[in-house]
Amino acid sequence: MHFGELRWGEVVAMVGGALLALAVFLPWYSTGNANSSIYGDCVGADKSCPAFEVLPVFRFLLLLAAIAPFILGWIIVRRHALSWPRGELTAVVGLAALTLILVKGFIFKPGEPSGQISLTWGYFIALIGAILILAGAFVRTTEIGAARKPPGVM
């Protein structure tokens, strides 16, 4: 294993993955009044609801996205040969996670009535984690040398 191969981009992405995995278990939403309900046991006034309870499908997608930077680190440390640039797939996963988080926070916020559901600090930690995954993987993809040209091209 060659840990010297890891660069700061991968470390930033792994920190983002750890933040995202942690944030899934932190409160993302809070209810406003006694008539507010989000999902399951999150009913009533001033309740904080973690993403793991409120988002039944997205929680697994976000946890899988949190694993991606660690898989990238494993590939780099073990010097596995890939048919695509290292970090490219992790950047796509980071972008997908960022999109899911933004959609579940601003477009399709869970709960009824939607005006009484607000975002809490766990949501913003997840947002920061996804941004770090994307930024770290993007740095890795830009550190790769110039792409080879096909035969016959000057």
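For this structure, a couple of remarks:
- Residue match in segment 103-119 (condition: in a helix (DSSP H, G or I), among the basic types (K, R) and buried (at least 17 other Cβ atoms within 10 Å of the Cβ)): yes
- Filter result (over 24 Å from A135 (Cα atoms), out of contact with any Pro (no Cβ under 8 Å at 6 or more places or on another chain) and touching a residue at least 24 places away in the same chain (Cβ under 8 Å)) within segment 1-39: M1, S30, T31, G32, N33, S37
- If the condition is being under 15 Å from F25 (Cα atoms), within 12 Å of the chain's Cα centre (by Cα) and not hydrophobic (A, V, I, L, M, F, W, C), then segment 37-73 contributes only R59.
- Within segment 62-90, residues that are modelled with pLDDT of 90 or more have Cβ atoms under 8 Å from residues that are of a type in the set (D, E) in these pairs: P69/E10, counting only partners at least 6 apart in sequence or on another chain.
- Residue that is small (G, A, S) and on the phi > 0 side of the Ramachandran plot, where the choices are G115, G111, G94: G111
- Segment 27-48 - residue that is closer than 18 Å to V103 by Cα and not aromatic (F, W, Y) and, of those, modelled with the highest pLDDT: P27
- When we screen E5, E88 for residues that are under 13 Å from G136 (Cβ atoms), touching a helix residue (DSSP H, G or I) at 6+ places or on another chain (Cβ under 8 Å) and of a type in the set (D, E), the only hit is E88.
The values are calculated or read from the model by the stated rules, or taken from the named source; none is laboratory data. These numbers come from a predicted model, not from an experiment. Positions of Cβ are generated from backbone atoms using ideal geometry, with glycine treated the same way; all protein chains shown enter the neighbour counts.
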